[in-house]
Amino acid sequence: MSALDQVLAQPSAGRAAAEAVLGEGDDDEAAVIALRAIGLSWKENGDLARAARALRRSVALAERTGLSYRAAEARMSLVVILADRGNTDSALAEAALADSVLTGLDRARLRVNLGLVLGRIGRTAEALDALDASQPVLAAYGDARWEAIALNLRGIIHVYRGAGQTAQSDLLRAAHLTEDGGYRLLNAIVLGNLGFAAHRAGDLPSALYWIDAATQGFAEHDKPIVTVLIDRAETLLRAGLSTEAHTTLRQAIAEHERTGFRYDRAEHHLMWARAALADGEPAVAEDAARTARGMFGRQRRTAWADLARHVEASARFAAGERSPALLKTAVDLADRMAAAKWPVTPLEARLLAGRIALALNRNDQASALFAQVARHRNRREAEVRILAWHAHALHALANGRASAAERALQAGLRVHAENNAVLGATDLRAHAAARGEELAKLGLRLALERGDARAVLRWAETWRAASLRRRPVRPPDDEQLAADLAELRRVVADLAAVEAPTTLESSRSEVSRLNAERLRLEAAIRDRSRYARGTYAPEPPFSPAALAEVLGARVLVEFVRLDDDLHAVTVRDGVVRRHRLGSYAAVLKQLDVVRFTMNRMSRRFGSATMQAAAVQAYDHSRQVLDGLLFGPVRRALDGIAGVAGVAGDAEPKAAGAPDRPLIVVPTGSLHALPWTALPTCAGRAVSVTPSARLWLAAANAVEAAAVAVSAGPATGDNSAALGGSATVDGSAASASPATGDNSAALASAATGLGTVLMAGPGLAHAEPEIAALAARYPDAVVLSGDQATAANAARALDGAALAHVATHGRFRADHPLFSSLDAFDGPLYVYDLERLGSTPQTLVLSACESALSGVRPGDELMGLASAVFALGTRTLIASVTPVDDSDTRTLMLALHAALAAGRPAAAALAEASAQTGIGGFVCFGFGG
């Protein structure tokens, strides 16, 4: 029995011992046992075809030599192999043959394997009976390993049946048994299923934590991690991270193809279909779901085949089909999936059927279907409650009760916000907003249809940039995160040195090694940050009246998009108006031209003729774009009555009167528009903010701070608080001499007072620009040369009142939280900034395109510029387009001259741009 005992711990060694036994004779009981050991070893190594062949030889030899019990033992092992290869009918047949022979502990183990097969084919009640019967027998025999397997399988079935707490209890017990018994590989499997259970319960941080722990366990044993990859892909998909989900699915599919685990291929196709549907690719989704349905059918997994049919039906609906045939399919699916005890998908199918019935003018049927789903508004699962409130809203609309529909949509979005509150990481928060998209869009549509401008503004603000209203939560293992960030900086710096043109003997292998290490560290930082958990703090409703009161003389223009229809809401002197602007696609066409030509002009690319053509195209497109965006709202901007005779309209602007300050709230790709390039914004104080609610919060914070300052004694001198001169400089570029001891300067910076000036590497204008500004701010902390490290910059920036950073900024579209500013020793990442107590109240980034952000559904922004608003920054001045280095220095010096003269940031930038004739920079946030 030694070879059989050795197989689980050391499959290759156990197989070698078994083959040695076979070499001594292949027709006795020892040979039967050896063949079974060889089969189990191949299973452990992931080669199911060889495993099945060896076990069948064991069965045949045992039967030929009259060893019926040994044959039954081999059949017990063969059950799982056949199930993994997708042959569930044969697996059940082998289990039945073995069950008639085995007794005691062996029969309990067989029942565990039988439970696995029955659970997979949807016969969950029978599976639970088998597992319930086996578990106490295994416990009585003290068989911790098989008891853990039984608990693990039972936990999975409870997850599918929606019994989350029971599932977690079984899985935690299994985790303890495997941990205490030293069954490390089985422990990894259980941890992965704890992640699966957490994902199904909506606890994404815990899901990712358990899945990553499982991945590490599998890696330690050099084992295939297909199941864990599938669970990770499903969790990422639920979090809205469809690109990462696709990448993970490709890994899983490749691993399955390599190992021969054909059973789960159907689930891969189903997951791929769901990911394609989430990405807005209904044709791809329908094709993948149809393939999955065929595979499930061949495996006799009818309940799973219905899941695939549901995705097919959803894809057809997303592609525009509204037919009686699709309606019948959705209704039948809802009934069958409910009978199969799926917890959520029957409600999704019934909601889908109701929407199809409504489109076919079968209002009574639609109303009945919506009512069936709406009854579940008090269920425990957030996912179900959101569906139920959506159905309740559609039920109200089908019965002509628009106000009730809006209240239901608001309730659904509250559940969505509560559920998302557990997410502490910025990227999870931003991507998860997509799950509330349908509810928010329906509410916005209702407000637009009734022409209620205040309601349009309220609905737009309900969903817009919600992740920026909460500070990111630091992950539990913050020290490890800091160490990984420091190591990543070192690797990136080494990579830059190896790839530099001056490096004559750069090694391709070294570049490959460093890139692999960079990717590993980035994944570790990204994953660890996602373990952070947030808490729910309800927000007061957004009040247009409160906004109007704080705006004062300013005018707000908030852009709102519903499909291709672009609208604007203006707020001026307490009057809120809605304006239809036209096609969003038409606006994007002109935006692309403006950005392209500004890029060409700033880089002075091409001949003089090409430059002249670029200037002409730029001037034409910015005029057209200005007309599309501001033409319909011109009356509101200038104070001219938009509709004759409407009470409350402001007086028209007097001739020669200055333009009022403008607050702009963009949507979609308009976040990348250099607004100051438009004629309407030229010379005007313009502040661009992610949302009106964020601007209002910043305005209230500024006012509260001003009140606090006026209430205390004014010294008129902050030099003592700043610790005197706080210059930290590693070169001769500083206006003040270096003290030789940087610690005091950095310590004073860490008090969160005063000004920080930083010159990063590789930017021609940085050193002279910072030297000139140091003369204006004699008490500033100055970082340049080898003192401008990421660590020094982070300490100095933390809590500063004003910071000016002249260095290269890099936007990472693939993962915006790895966007960065160049420091002397490598990049200062968004992840670094999220570890600060607070970012500077006013931040100037003197670098090209440093304000670019990734835009997600709900106008959720991710990038360097957007991140600082969640961390304490009230005003940011940065560029969304390339700007010539010499022009940048000229503009920055003029900007700070205006700031020093007491001008608010937005007005200072407008004056500096008008004075120098240099554009490209935008004031974001409050702006003063």
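The values are calculated or read from the model by the stated rules, or taken from the named source; none is laboratory data. Note that this is a predicted model, so its numbers are computed, not measured. When we count neighbours, we look across all protein chains shown, and the Cβ atoms used for this are built from the backbone with ideal geometry, even at glycine. To get the accessible areas, we keep the full protein, side chains included, count just its heavy atoms, and leave off ligands, DNA and RNA. Shrake-Rupley method; radii C 1.70, N 1.55, O 1.52, S 1.80 Å.
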Residues in region 906-928 that are in contact (Cβ under 8 Å) with a residue 40 or more places away in the chain and open to solvent by less than 10 Å² (accessible area, probe 1.4 Å): how many?
-> 8
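Mind listing just one residue for me: the one in region 524-565 that is assigned to a strand (DSSP E or B) and touching a Lys or Arg at 6+ places or on another chain (Cβ under 8 Å) and, of those, nearest to A239 (Cα to Cα)?
By that ranking, first place goes to L562.
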Among all residue pairs at least 6 apart or on different chains, which show Cβ distances below 9 Å where the first residue, located in region 431-453, is at positive phi and the second is open to solvent by 10 Å² or more (accessible area, probe 1.4 Å) and not in a helix (DSSP H, G or I)?
-> G451/R578
Name the residues in region 22-37 that are in contact (Cβ under 8 Å) with a residue 24 or more places away in the chain and either in a helix (DSSP H, G or I) or closer than 13 Å to V80 by Cα (or both), would you?
-> E29, A31, V32, I33, A34, L35, R36, A37
Kindly list the number of the only condition in (1) touching a Ser or Thr at 6+ places or on another chain (Cβ under 7 Å); (2) part of a loop (DSSP other than H, G, I, E, B) that fails for L843.
-> (2)
Does region 266-308 hold any residues that are surrounded by fewer than 22 Cβ atoms within 10 Å (Cβ to Cβ), among the basic types (K, R) and under 26 Å from E438 (Cα atoms), and which are they?
-> R290
Scan region 350-369 and give yes if some residue there is touching a Gly at 6+ places or on another chain (Cβ under 6 Å) and modelled with pLDDT of 95 or more, otherwise no.
-> yes
Does A340 meet the test of being free of Cβ contacts under 8 Å to residues at least 60 places away in the same chain and touching a helix residue (DSSP H, G or I) at 6+ places or on another chain (Cβ under 6 Å)?
-> no
Those residues that are closer than 19 Å to V688 by Cα and of a type in the set (D, E, K, R), I need them from region 509-548; list them, please.
-> none
Do you know which residues across region 786-802 are over 18 Å from I877 (Cα atoms), open to solvent by 20 Å² or more (accessible area, probe 1.4 Å) and in contact with a Gly (Cβ under 8 Å, 6 or more places away or on another chain)?
-> D786, Q787
Tabulated pairs, region 223-245, first closer than 13 Å to D427 by Cβ, second hydroxyl-bearing (S, T, Y), C-beta under 7 angstrom, 6+ apart or interchain = L236/T248
Of R322, R300, R309, which residue is in contact (Cβ under 8 Å) with a residue 60 or more places away in the chain and either under 30 Å from N363 (Cβ atoms) or not in a helix (DSSP H, G or I) (or both)?
-> R300
Applying the selection to region 666-707, what residues are closer than 30 Å to D592 by Cα, within 31 Å of the chain's Cα centre (by Cα), of a type in the set (A, V, I, L, M, F, W, C) and open to solvent by less than 20 Å² (accessible area, probe 1.4 Å)?
-> L670, L673, W675, V686, V688, A692, W695
Taking the condition part of a helix (DSSP H, G or I) and either buried (at least 20 other Cβ atoms within 10 Å of the Cβ) or not polar (S, T, N, Q) (or both), does A764 pass?
-> no
Region 580-595, residues that are out of contact with any Lys or Arg (no Cβ under 7 Å at 6 or more places or on another chain) and assigned to a helix (DSSP H, G or I) = A585, A586, V587, L588, K589, Q590, L591, D592, V593, R595
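Does A813 count as under 28 Å from V880 (Cα atoms) and at pLDDT below 95?
In short, yes.
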Scanning for something at pLDDT 95 or above and more than 32 Å from the chain's Cα centre (by Cα), does region 374-386 turn up at least one residue?
-> no
Boolean, V569 is of a type in the set (V, I, T), open to solvent by less than 10 Å² (accessible area, probe 1.4 Å), under 30 Å from Y618 (Cβ atoms) and touching an Asp or Glu at 6+ places or on another chain (Cβ under 6 Å) = yes
Six or more apart or on different chains, Cβ under 8 Å: which pairs go from a residue in region 281-297 that's within 23 Å of D89 (Cβ to Cβ) to one that's β-branched (V, I, T)? Could you list them?
-> A292/V311; F296/T302
Members of region 46-96 found to be under 25 Å from H221 (Cβ atoms), touching a residue at least 40 places away in the same chain (Cβ under 8 Å), part of a helix (DSSP H, G or I) and open to solvent by 10 Å² or more (accessible area, probe 1.4 Å), listed by number | A49, S77, D84
Output the number of the condition that S602 fails; it satisfies all remaining conditions of (1) over 29 Å from P904 (Cβ atoms); (2) among the hydroxyl-bearing types (S, T, Y); (3) at pLDDT below 90.
-> (1)
Which ones in region 892-928 are in a helix (DSSP H, G or I), aliphatic (A, V, I, L, M) and farther than 14 Å from A682 by Cβ?
-> M892, L893, A894, L895, A897, A898, L899, A900, A905, A908
Which of the residues spanning region 788-824 are over 20 Å from the mean Cα position of the chain (by Cα) and of a type in the set (F, W, Y)?
-> F824
Go through region 97-108 and count every residue that is surrounded by fewer than 17 Cβ atoms within 10 Å (Cβ to Cβ) and in a loop (DSSP other than H, G, I, E, B).
-> 2
Selection count where residues are in contact with a helix residue (DSSP H, G or I) (Cβ under 8 Å, 6 or more places away or on another chain) and surrounded by fewer than 24 Cβ atoms within 10 Å (Cβ to Cβ), scope region 803-813 = 2
